[in-house]
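J.: Below you'll find the structure I mean.
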Amino acid sequence: MERFPLRFCKPIYFGLTPGKDAGVSINNGTSTLLQYQNKFLALTCHHVFKHYRKRLREEREIFFSISNVHFDPEKQLIYEDEALDVVAFELTEEQASMVSEGSIGIGEAFFRIHDGDLAIVKNNDFVAYSGFPGDLRRLDSYAEINFGSYSSGACRVSDIYSDYICCEFEREHWISSSYELEPNCLGGISGGPAFLICRTPENIQYYKFAGVIYKMHESTESLYIRAATSFPFLKN
């Protein structure tokens, strides 16, 4: 269950190209991978993209990448909303194939959404989510960056609002199966996907897209998810 959301996300990162004689200056978030109406979409938080724009003004040579796919995000930006804290990029079919190429388990596919098939989340429902915390990012060589993943297979929804969902960590109920160390901070999972855990009348489990993580309140360990139903670009 904890692996499911990881199938549909990849690191999104930007900075100066690393070199043998240069330091590494990279920022990262998480991109949610969706397929909707034959379009390949990559979503992340507006505050992540805003920081990229700030760095671009100051450092004209920085790159922007999802997985190993470098591109000009301004040219492929199809939606942005600072209030909702979300941006959406449309990838070409070739780019989408490159994002998921060779991936097994993490970022291996784009989650397919059908019209009217977004999750309607209620209190005490459970969601699965994932992302790539900066604390787990590791520089293996000057030209190789390892993004450690973080995910939860079932986190209880504690509060519902008009356009966002809140989940509280309940560590007393956790069963950990991670090979990674617990990160001190979850900064970097912004933009990660959240999926509502659903069941058919025959008790068969399936998932619906619930939204995108946009904030983690570290002191109260509360996770905030922007509801997918608030995204205009996922509606007719």
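J.: Going by the conditions given, is E93 farther than 19 Å from A194 by Cβ, open to solvent by 40 Å² or more (accessible area, probe 1.4 Å), out of contact with any Pro (no Cβ under 6 Å at 6 or more places or on another chain) and not aromatic (F, W, Y)?
T.: The answer is yes for E93.
J.: Something else now. Just a yes or no: is a residue in region 61-73 in a loop (DSSP other than H, G, I, E, B), in contact with a helix residue (DSSP H, G or I) (Cβ under 6 Å, 6 or more places away or on another chain) and among the β-branched types (V, I, T)? Lay out the reasoning, then the answer.
T.: Our first condition is that a residue be in a loop (DSSP other than H, G, I, E, B); within region 61-73, this holds for 61-62, 67-68, 71-72.
From what is left, the residues that are in contact with a helix residue (DSSP H, G or I) (Cβ under 6 Å, 6 or more places away or on another chain) are 62, 67.
Those left that are additionally among the β-branched types (V, I, T): 62.
So far as region 61-73 goes, yes, one or more of its residues are in a loop (DSSP other than H, G, I, E, B), in contact with a helix residue (DSSP H, G or I) (Cβ under 6 Å, 6 or more places away or on another chain) and among the β-branched types (V, I, T).
J.: Another question about this same structure. Of the residues that sit in region 8-53 and are open to solvent by 60 Å² or more (accessible area, probe 1.4 Å) and modelled with pLDDT of 95 or more, which one is farthest from K215 (Cα to Cα)?
T.: K39
J.: So, A83, is that one of a type outside the set (K, R) and surrounded by 12 or more Cβ atoms within 10 Å (Cβ to Cβ) or not? Before the answer, list the steps.
T.: On the way: of a type outside the set (K, R): yes; surrounded by 12 or more Cβ atoms within 10 Å (Cβ to Cβ): no.
Spelling it out, it is not the case that A83 is of a type outside the set (K, R) and surrounded by 12 or more Cβ atoms within 10 Å (Cβ to Cβ).
J.: Filter region 171-206 down to residues that are modelled with pLDDT of 90 or more and within 18 Å of S31 (Cβ to Cβ) and give me whichever is nearest to the chain's Cα centre (by Cα).
T.: Checked region 171-206; the qualifying residue nearest to the chain's Cα centre (by Cα) is G192.
J.: Within region 105-150, how many residues are assigned to a loop (DSSP other than H, G, I, E, B) and either in contact (Cβ under 8 Å) with a residue 60 or more places away in the chain or open to solvent by less than 60 Å² (accessible area, probe 1.4 Å) (or both)? Full working, then the answer.
T.: So in region 105-150, the residues assigned to a loop (DSSP other than H, G, I, E, B) come out as 105-110, 114-125, 132-133, 142-143, 148-149.
In the following step, the residues that additionally are either in contact (Cβ under 8 Å) with a residue 60 or more places away in the chain or open to solvent by less than 60 Å² (accessible area, probe 1.4 Å) (or both) were identified as 105-110, 115, 117-121, 125, 132-133, 142-143, 148-149.
Residues meeting the conditions: 19.
J.: Got at least one residue in region 62-73 being charged (D, E, K, R) and either surrounded by 14 or more Cβ atoms within 10 Å (Cβ to Cβ) or touching a Cys at 6+ places or on another chain (Cβ under 9 Å) (or both)?
T.: Taking region 62-73 as the starting set, the residues that turn out to be charged (D, E, K, R) are 72.
Add one more test, that the residue is either surrounded by 14 or more Cβ atoms within 10 Å (Cβ to Cβ) or touching a Cys at 6+ places or on another chain (Cβ under 9 Å) (or both), and what stays is none.
Taking every residue of region 62-73 in turn, none turns out to be charged (D, E, K, R) and either surrounded by 14 or more Cβ atoms within 10 Å (Cβ to Cβ) or touching a Cys at 6+ places or on another chain (Cβ under 9 Å) (or both).
The values are calculated or read from the model by the stated rules, or taken from the named source; none is laboratory data. Treat the numbers as computed from the prediction; the structure is a model and nothing was measured. Backbone-built Cβ (ideal geometry, glycine too); neighbour counts: all protein chains shown. Only protein heavy atoms, including side chains, enter the accessible area calculation; ligands, DNA and RNA are left aside. Shrake-Rupley method; radii C 1.70, N 1.55, O 1.52, S 1.80 Å.
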